[in-house]
Each structure stands twice: as C-alpha cells, then as structure tokens.
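Shown next, in structure tokens, is the structure this report addresses.
The values are calculated or read from the model by the stated rules, or taken from the named source; none is laboratory data. Not measured: the values here are computed from a predicted model. So basically every Cβ, Gly included, is an ideal-geometry build from the backbone, and we count neighbours across all protein chains shown.
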C-alpha cells in the first residue's frame, strides 16, 4: 500500500489536509498492509462510537453500577437503626435488591417484636423508615426502567438508521441522507405504534386496553413491517428509472429535485420532506 493512499484516507477521517507535495513524496513509500488493517481496527470515530452496540452496552452497565452503588450507600444509613443480625446479613449480601428486601423485613420485625405499648413518637419514626425505604425502592425501579427504555430507543434508532442509509437515494438527496434518516425516525415516533426489537427485527404493534396487538396492512392479513413504513417515507427521495426521484437531466445540467405541488396544504411530514429537498 502506497503511503499517499493511506494518508489520503487519514485526511478524510481526521478532516485535515496534507499538502500535495508531501503526498507525492509519500507515494514513493510502500507501507505494510498491516498498518491499514490495524488503523481500521483500533481507530473509532465519535459517530461510530455513538452507534456501536458494545460501547452502548458498556455505558449502560457502568451507569447501572453507579446507581446500585448510590443505593447501597443509602442503605448503610439505616443499619444502626435495625438489629445487629439483620445488619450483618445486609453487609454480607451483594445484590442491592436483596439488601432492600432484608431491610424491609428488619423494619417489620422491629415492629412485631416491640414489647409493651409503643409510643406515638416511635410509631411515627417506624412509619418514616418504611416510607423512606418504599420511596427508595420506587425511585430505583423508576431509574432502571428509564435507563432500559433509553437503551431500547438507542438500539431501535440504530437499526432504523442503518436501514435508511442503505436506500439508493436520488442524486439531489445524497448529501442529505442523514437529515432524511432523522426525519424518518421522527415520523415513525409520531405514529400510534409501539416498536419492539425481536431477534434482530422490529415488530410493530398497537396498544389498546393494556394489550399489545400486531398491526396489519389495511384490508389485508399481512403484518405491517418496518420496511414497509420506511419504503413509504423515502419513496420521494429514492432514485427511480422513470424519474420519480428527480426531473429529467437537462443537457449539460445537473438533476433537479422533484418539485412538490400538492392540491391541498401540506401536512407536517410533507413540509419536512419539501424542506430537505430544497437544501
């Protein structure tokens, strides 16, 4: 591999420019193919990192670990208020959820084993303990649910964007593929559907009365698919042999975006598509 070829690719990656005279000199140098392979293996751009499943998974795990650590520290604050036996069990338990269960049991045992008449002040303190523990459990469960939902949304957007970037867009829209992909994701979220990842595919469902049901194409027994929705959205932007993606190319000219002239006012999605086509 010529040195000039390698550094030209490096230019594209880093967004810098090496003088042509320098590239000419580098063209006389043969570099080992291993250098290019190692560079592709080790180097990772910001955009690639945002969509790398292994990196996303690592971040989510670290985020959960920090959340567990915070809850564990909060649990320690209650240990002096419960019996030594329960405190020892909690200290020797690793799972945060189990610690919360043991702490709840300890508070309940304290109430049951209390002898004599429990004063009103003590009863209020016990109620406060129970309320605080319950609030911590609910807050922790809510945080986990939010993080899981965020992770699923990131994975869904990654799958959708990968499919969208694979379409054969017409020439006028080649430079706006990223914008078109983002508009398509917004369009999908605006629909009354629930999108669920299943074995590498995306199932489309609607929820009614707490029950999720598959969605079928109107008037058929064919399930509605993500690919069908994406095909409908990108249809105005893809290259077509009959000129559907652009007007016929004038002699010596460049393809012009198809002009949208609706008979009625454009809706939100149509306005966004028209704006992208005008760029």
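Observations
- Restricting 91, 113 to those that are at pLDDT 80 or above and at negative phi reduces the list to 91.
- Subset of the range 149-175 [under 10 Å from the mean Cα position of the chain (by Cα) and farther than 18 Å from residue 226 by Cβ]: 149, 150, 151
- Exclusive hit being modelled with pLDDT of 70 or more and not assigned by TED's automatic domain parsing to the domain that holds residue 141, set 13, 22: 22
- Picking from residues in the range 175-217 that are part of a strand (DSSP E or B) and touching a helix residue (DSSP H, G or I) at 6+ places or on another chain (Cβ under 9 Å), the one that is surrounded by the fewest Cβ atoms within 10 Å (Cβ to Cβ) is 201.
- Meets criteria (assigned to a loop (DSSP other than H, G, I, E, B), out of contact with any strand residue (DSSP E or B) (no Cβ under 7 Å at 6 or more places or on another chain), on the phi > 0 side of the Ramachandran plot and at pLDDT below 85) for residue 244: no
- Yes/no for residue 67 being within 35 Å of the chain's Cα centre (by Cα) and modelled with pLDDT under 80: yes
Here's the yes/no breakdown for (1) within 19 Å of the chain's Cα centre (by Cα); (2) farther than 24 Å from residue 60 by Cα; (3) modelled with pLDDT under 85; (4) not assigned by TED's automatic domain parsing to the domain that holds residue 62:
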| site | (1), (2), (3), (4) |
| --- | --- |
| 183 | yes, yes, no, yes |
| 191 | yes, yes, no, yes |
| 219 | no, yes, yes, yes |
| 238 | no, yes, no, yes |
